Structures are given as C-alpha cells and as structure tokens.
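The values are calculated or read from the model by the stated rules, or taken from the named source; none is laboratory data. All values derive from a computational prediction rather than experimental measurement. Cβ sites come from the backbone with ideal geometry, for glycine too, and all protein chains shown count toward neighbours.
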Amino acid sequence: MTDIRISDSVRYVGVDDTTIDLFESQYVVPEGVSYNAYVILDEKVAVLDTSDRRTAAEWLENLEQVLAGRKPDYLVIHHLEPDHAGSIGLFLEKYPDTTLVGNAKTFQMLPKFFPGDYTGRTVTVKEGDTLSLGSHTLTFVMAPMVHWPEVMVSYESSEKILFSADGFGKFGALCKEAENEEGWDCEARRYYFNIVGKYGGQVQALLKKAAALDIRTICPLHGPILTGDLSHYLHQYDIWSRYEPEDEGVLVAYASIHGNTAKAARIMAEILQKKGCPKVAMADLCRDDQAEAVEDAFRYGKMVAMSSTYDAGLFPAMDHFMAHLRDKTYRNRTVALIENGSWAPAAARIMRGYLEAMKNITICPTVHTIQGAVKDVDIAAMEKIADELLAN
Ligand SMILES: Cc1cc2nc3c(=O)[nH]c(=O)nc-3n(C[C@H](O)[C@H](O)[C@H](O)COP(=O)(O)O)c2cc1C
Ligand SMILES: [Fe+2]
Ligand SMILES: [Fe+2]
C-alpha cells in the first residue's frame, strides 16, 4: 500500500492503477491513476469510498490492514461512479453489517449498479447533515454534477479535512508522484477540463461553500493529498471553473491528411512567435493526446484551428476535437480558422458551425483556404491572421 498517513486516525487505503490502458476508456494515463479511499478510526469506524473493481482485491487488503481487526460501522459513498464505487458489492459481502451513508440520489442510483434491498442498511444525508464518529465529525456538502448528480463532499471538522470527491483530482498514480517534476497543475488541469470541465457553474458553487470552511487538507479521490498552502489549488480551480484563460498564449490545433496543413501549422506557430506571442502550444490532433489539446484550448485565450477537408466534410480528428470542445462547453475565447481543400473546401464552414453554437467565441475575420501545398499567398494570409489574433 502507498505509505500515506494523513493522521493517526485518518488513514489512506487507496490503490494505484498503473496497468489501466485508458481511464474512462478514453484518457491516456502514462503515469497511471490512483483510486483514493480513506478510513477514519474513532469510536466508530468510517470507510470513505471504495475503489475500481480492477483493484478491489488490493483495496480490501489495504482496508483489512488499517482496520486491524475492527469492523467498519459506516461506508460513506461520496460518488457512485465505478472508479470509486466499483468495489461496494465485494465490500458488503465481506462486511455485511456496515451502514451505507449517502444522499437521496446515491440511494436511487445504487441498485442500478448493485441490485439489492438496502432497507435498514442506509443513512440518508442532506446538505449540512453531520455524522459523529466520536471525536471526528463529518459534515456533508452536496456537490451535484461535480461530475455526477449524486456527488457529495464531506468536511471533517476536528482535523479540518475536506474529502473532495473528484474535485481537486489529478491523473497519475501516487507511486509516481516522487519522480513527478512537472508539479500538480499539468495533469490536474488535463483531468479537470476533460472530466469536470462541463460543470464550471457547479464547481463555482462548491468553491463558494468551501470558502466558508477552514480547510487544512484536501483528500480527493484521485491523485495526491493536498496539504500546506492550499491557495494555489483553490485559485486554479476558480480560474478553470470560471472558464477564464489561465495564461496568455495561442494553441495551434491542426488535423492534416498528407502533411500540408501540418506544415502550415508549423509556419503559423513561427509567425505567432516572431510577432511576440508569449506562448505557442501545438497539437497534432491526429497523433497527440486530444485531452491535452482540450486542456490547452482552455488554458490559453486564443486558438488557431486548421484542418484538411475530407469527403466534403471535416477531417475526423478535427471533428472529434470540435465535438470535445462543444461537450466541455468551450467559451470566452478567440479563434482563427484555416482550412485546406483542393476542390470543394468545407472544413472552415463546419468548424465555424461548431464554434458559433458555443458561448462567446470571437472568430477572426480572416478565414483562409489553403489549396493543397503551402504557397506565399498562404503565408501572407497567416501573417494577417496572426495580427488579428494578437490584436484583441
Ligand atoms: C481522402 C481525401 C478526401 C478529401 N476530400 C476533400 C473534399 O471533399 N474537398 C476538398 O476540397 N478537398 C478534399 N481533400 C483534399 C484535402 O482536403 C487537402 O487539400 C489535401 O489533403 C492537402 O492537405 P493536407 O496535406 O494537410 O491533408 C481530400 C483529400 C483526401 C486525401
Ligand atoms: Fe467521477
Ligand atoms: Fe473519479
């Protein structure tokens, strides 16, 4: 078990998953992911969340070790998604006398994953309700749609710990944290925008509730436990959930069939750098991680979207990217459009269609069509587009 001790009474029992191919069947996690779970040992014993079914055996072992012969009185279910709730069935087989703690929505949804009669085995909590364990007390705070409708967080007042569910989560197994040199932000940001990004308003609501609490430690369901000065993490979540650009810069996102649009994208990046753009990020949407491209689209205030036309439509990698941005409610940004087409270009029209349906997107007036290979006329147009993009 990852050796993390939050305090003598509050213990980590989570599991690292370093062999999963894709988290949620879509996100590459080169450093794995952790399914965090905790135990509070007091007069009463509370287990806070379980683990993915993939790692159930290890989780149950961790739990047994920390329980040291005691039996859990409560299982608090902050979130029913299978990466955390997947082992509830096995847990209940082993500890059938445990009372389940959740809210009304938790218990509406629980039988959908684990059919059964839970009568007399549950405590239903609502906003502000408390659960006393002895010297530790959990107060429940509802966080609907901070990923799923039934999500709640809890605050332990004696040690000032926020159990934040998916909020403040990060990709990466905890065993890899020691050698992680890029810090918290990068993978926490990719996690945030791809997993929770659609629900900025609900995250804002949760941050407002959290501001009223004196929090010393944040225990999320993925990634490192946050301690010390928490202001940086809270600040990042505030910017992200308000959909504000975090850094000044431009993302050049391109999808190219035969490489001509890719060449134009490299030239576009050079032009932007030459004109003094402080940061130019690039994403080859056919080959790079699209989740990283989504992250960068939100990180910066500006984007150049460049795509080949394909069968009278948009090249699929760009189409996927635009759909991802739509789903994550991309907004408040300035975007320039460049298409490539050799007989009936259509890519820019389709990209515009996506962007016009989003909130507060400014499209640069010059929309350029490259016809096959990059020529001087295209470079001149890209110079103009760079000026328009950097001007506002
Ligand atoms: C399979 C395929 C389908 C294409 N469909 C169209 C099309 O419907 N309309 C069009 O103007 N160009 C079409 N093109 C041309 C490309 O959009 C583009 O001009 C060419 O691939 C050069 O850009 P690239 O090297 O970045 O892919 C197609 C190209 C390929 C390979
Ligand atoms: Fe989740
Ligand atoms: Fe999760």
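Listed here are the residues, each with its yes/no results for (1) within 25 Å of the chain's Cα centre (by Cα); (2) away from ligand 2 (no atom under 16 Å from the Cβ); (3) surrounded by fewer than 16 Cβ atoms within 10 Å (Cβ to Cβ).
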| position | (1), (2), (3) |
| --- | --- |
| N103 | yes, no, no |
| G120 | no, yes, yes |
| M142 | yes, no, no |
| E156 | yes, yes, no |
| G167 | yes, no, no |
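Identify, from the list K198, K208, the residue that is within 16 Å of ligand 2 (Cβ to nearest atom), surrounded by fewer than 18 Cβ atoms within 10 Å (Cβ to Cβ) and either in a loop (DSSP other than H, G, I, E, B) or within 23 Å of the chain's Cα centre (by Cα) (or both). Talk me through it step by step, then tell me what you get.
Details: K208 fails: within 16 Å of ligand 2 (Cβ to nearest atom).
None of the others qualify; the one that does is K198.
Name the single residue, out of those in the range 80-101 being within 23 Å of G169 (Cβ to Cβ) and among the small types (G, A, S), that is farthest from ligand 2 (Cβ to nearest atom).
This residue is S87.
Since N180 meets every condition but one in (1) surrounded by fewer than 24 Cβ atoms within 10 Å (Cβ to Cβ); (2) at pLDDT 95 or above; (3) touching an Asp or Glu at 6+ places or on another chain (Cβ under 8 Å), which condition does it not meet?
So N180 meets the others, but not (2).
For the range 82-100, which positions are surrounded by 18 or more Cβ atoms within 10 Å (Cβ to Cβ) and closer than 21 Å to H222 by Cβ?
Selection gives D83, H84, A85, G86, S87, I88, F91.
Here are G301, G353, G341: which of them is within 11 Å of ligand 1 (Cβ to nearest atom) and more than 23 Å from Y27 (Cα to Cα)? Write out each step before concluding.
Working: G301 fails: within 11 Å of ligand 1 (Cβ to nearest atom); G353 fails: within 11 Å of ligand 1 (Cβ to nearest atom).
Going through G301, G353, G341 in turn, the sole match is G341.
Testing M358 on (1) touching a Leu at 6+ places or on another chain (Cβ under 9 Å); (2) within 12 Å of ligand 1 (Cβ to nearest atom), one condition comes back false. Which one is that?
Looking at each condition in turn, M358 falls short on (2).
What's the number of the condition A380 fails, among (1) over 27 Å from R242 (Cβ atoms); (2) surrounded by 15 or more Cβ atoms within 10 Å (Cβ to Cβ); (3) more than 16 Å from ligand 1 (Cβ to nearest atom)?
Just one mismatch for A380, condition (2).
Of all residues in the range 313-361, which are of a type in the set (S, T, N, Q) and within 29 Å of the chain's Cα centre (by Cα)?
Matches in the range 313-361: T329, N332, T334, N360.
What's the number of the condition L174 fails, among (1) touching a residue at least 12 places away in the same chain (Cβ under 8 Å); (2) surrounded by fewer than 22 Cβ atoms within 10 Å (Cβ to Cβ)?
Tallying (1) touching a residue at least 12 places away in the same chain (Cβ under 8 Å); (2) surrounded by fewer than 22 Cβ atoms within 10 Å (Cβ to Cβ), L174 fails exactly one: (2).
Quick check: is even one residue across the range 230-245 within 27 Å of S342 (Cα to Cα) and small (G, A, S)? Explain how you work it out, then say what you get.
Step one: of the range 230-245, the residues within 27 Å of S342 (Cα to Cα) are none.
No: the range 230-245 contains no residue that is within 27 Å of S342 (Cα to Cα) and small (G, A, S).
Among the residues of the range 38-79, which ones are of a type outside the set (A, V, I, L, M), farther than 25 Å from E24 by Cα and assigned to a loop (DSSP other than H, G, I, E, B)? Step through it out loud before you land on a result.
Within the range 38-79, the first condition is being of a type outside the set (A, V, I, L, M), and the residues that meet it are 38, 42-44, 49-55, 58-59, 61-62, 64-65, 69-74, 78-79.
Going one step further and asking which of them are farther than 25 Å from E24 by Cα, we end up with 42-44, 64-65, 69-74.
Across the range 38-79, the qualifying residues are D42, E43, K44, G69, R70, K71, P72, D73.
Within the range 153-165, how many residues turn out to be closer than 11 Å to I77 by Cβ and within 14 Å of ligand 3 (Cβ to nearest atom)? Lay out the reasoning, then the answer.
First, pick out the residues of the range 153-165 that are closer than 11 Å to I77 by Cβ: 154, 165.
Cutting the leftovers down to within 14 Å of ligand 3 (Cβ to nearest atom) gives us 165.
Final tally of qualifying residues: 1.
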